[in-house]
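Structure, as structure tokens:
The values are calculated or read from the model by the stated rules, or taken from the named source; none is laboratory data. A quick note: this is a predicted structure, and the numbers were derived from the prediction, not measured. Because the Cβ atoms are built from the backbone with ideal geometry, glycine has one as well, and the counts that use them run over all protein chains shown. To get the accessible areas, we keep the full protein, side chains included, count just its heavy atoms, and leave off ligands, DNA and RNA. Shrake-Rupley method; radii C 1.70, N 1.55, O 1.52, S 1.80 Å.
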Amino acid sequence: MTRGDLNLIERIYHSLSYRAVYNYCLFLKSVKTRYTPKISWQPIDLSLPRFVSIVYDADVPLLVRSLHHLMKWTDKSPQLWLVGDSDAAYVKLQSSLGNSLPNGVELWHWQTLLQTLDISYQNFIKTWEASGKWGGYSRRFAVTLAANSCADIIMFDADVLWYGNFPSSLQKLTQKESNILAGKDYDRAYDLEVASFLGNPKILENEPLNCGIVYYPKSILLNVVTPELVMKLLPYAARATNHLEQTLVAYAFWQSRGQWFDSKIVATTMVDRLSFQNQVQSLARHYAGAKHLFWRDA
């Protein structure tokens with residue numbers, strides 16, 4: 001048997017394995033989305049950074065399960081801002097989480113938070129939003145800016161699951177570090193033109209950042225991505241790519257001497273994409289590029 005034959009057999013094996021796992025995950029999704037898990041809200045701990053997440057309507061079920069996981073692993077809850085990126089998402093958050101939310105858990109419409117920003121940021125976000133296919137990413141960046149202007153925050157995506165007491169570990173980390181904390185990605189996902197314009201070579205030379213779970217000390221993002229900078233970035237916002245947001249976050253990370261979360265704390269990986277069980281040991285996992293695996297593990 002030739003090396004070419006072995007390579008072909010290996011490719012066929014991986015293809016069949018992936019399809020089997022993918023279909024298994026789709027089956028689990030069809031079962032799990034038939035009900036909404038009850039979230040056991042824990043008492044609010046005001047000493048924790050505020051946790052913030054923005055979702056579009058189709059991802060509200062993921063966020064509900066993310067919150068369900070988070071509350072299972074901690075006896076103290078951070079304050080939460082849960083943000084809808086549209087009218088439909090905001091209404092779905094209300095219907096999925098109910099009207100009797102505990103103090104410290106707040107629902108927002110992203111446009112309300114946009115209005116709290118300096119006019120330079122508003123113009124930048126509106127230009128980005130109107131840019132075309134990838135304009136929706138501007139809403140997340142707007143929410144990040146608005147939330148960070150008034151508190152230390154964790155920004156987390158809806159497709160994050162928690163496997164331990166992440167808030168407690170985060171509290172210990174932030175007693176030592178006063179910079180941005182982020183997880184590493186398994187692949188680079190930046191806007192190369194914007195990265196070149198920003199002029200920090202670490203963005204492209206060092207390990208890639210993933211912005212699915214990021215800690216921002218109060219106002220640190222606004223101190224780096226200033227009103228003056230966003231004015232200069234307007235031409236790039238007008239033709240935004242899908243990686244503009246992550247490029248800006250990476251820039252802020254390196255400019256502020258950010259630190260990596262240890263992989264045992266935060267993981268973004270595809271190593272178990274051919275497995276029927278989660279094989280990643282971390283307190284928090286972002287399922288970037290593998291949303292079907294979220295439903296395997298939720």
Once the Cβ-Cβ distance between CYS150 and VAL91 is put in as r, and R0 is 25 Å, what FRET efficiency do you end up with, to the nearest 0.05? 0.50
Considering only protein heavy atoms, with the full assembly of protein chains and a 1.4 angstrom probe, order TRP41, TRP128 by accessible area, largest first. TRP41, TRP128
Can you figure out the FRET efficiency of SER17 with ASP187, using R₀ = 22 Å and their beta-carbon distance, to the nearest 0.05? 0.60
Report, to two decimal places, the Cα Rg of the range 27-71 normalised by 2.2 N^0.38 Å (N = number of residues). 1.35
If you average the alpha carbon positions of the range 134-186 and of the range 223-285, how far apart do those two centres end up, in angstrom? 10 Å
Intensity falloff of the range 138-286 expressed as log10 I(q)/I(0), Debye formula with alpha-carbon point scatterers, at q = 0.11, 0.18 Å⁻¹: -0.42, -1.10
Residues with amide H under 5 Å of TRP108's amide H, sequence separation 5 or more or different chain, H placed in the peptide plane at 1.01 Å from N; which? LEU82, VAL83, GLY84
Provide, as a two-decimal number, the C-alpha radius of gyration of the range 50-262 over 2.2 N^0.38 Å, N being how many residues it has. 0.98
With the other protein chains left in place, how much accessible area per residue, in square angstrom, belongs to the range 50-262 at a 1.4 angstrom probe? 40 Å²
Distance between modelled label sites at LEU101 and TYR56, nm, 7 Å Cα→Cβ extension: 2.1 nm
Select from GLY132, GLY212, GLY104 the residue whose mean-square fluctuation is largest in a Gaussian network model of the chain (Cα-Cα springs shorter than 10 Å). GLY132
Residue separation times 0.36 nm, minus the C-alpha to C-alpha distance between THR116 and THR33: what's the value? 26.4 nm
Carbon and sulfur atoms account, in whole percent of the 1.4 Å probe accessible area of the chain, for 50 percent
Each label point is 7 Å from the Cα along the Cα-to-Cβ direction; what then is the distance between the points at GLN171 and ARG257, in nm? 2.7 nm
When each of LYS172/LYS218; LYS126/LYS202; LYS72/LYS133; LYS32/LYS184; LYS38/LYS218 is checked by Cα-Cα distance, pairs over 26 Å: LYS126/LYS202; LYS72/LYS133; LYS32/LYS184; LYS38/LYS218
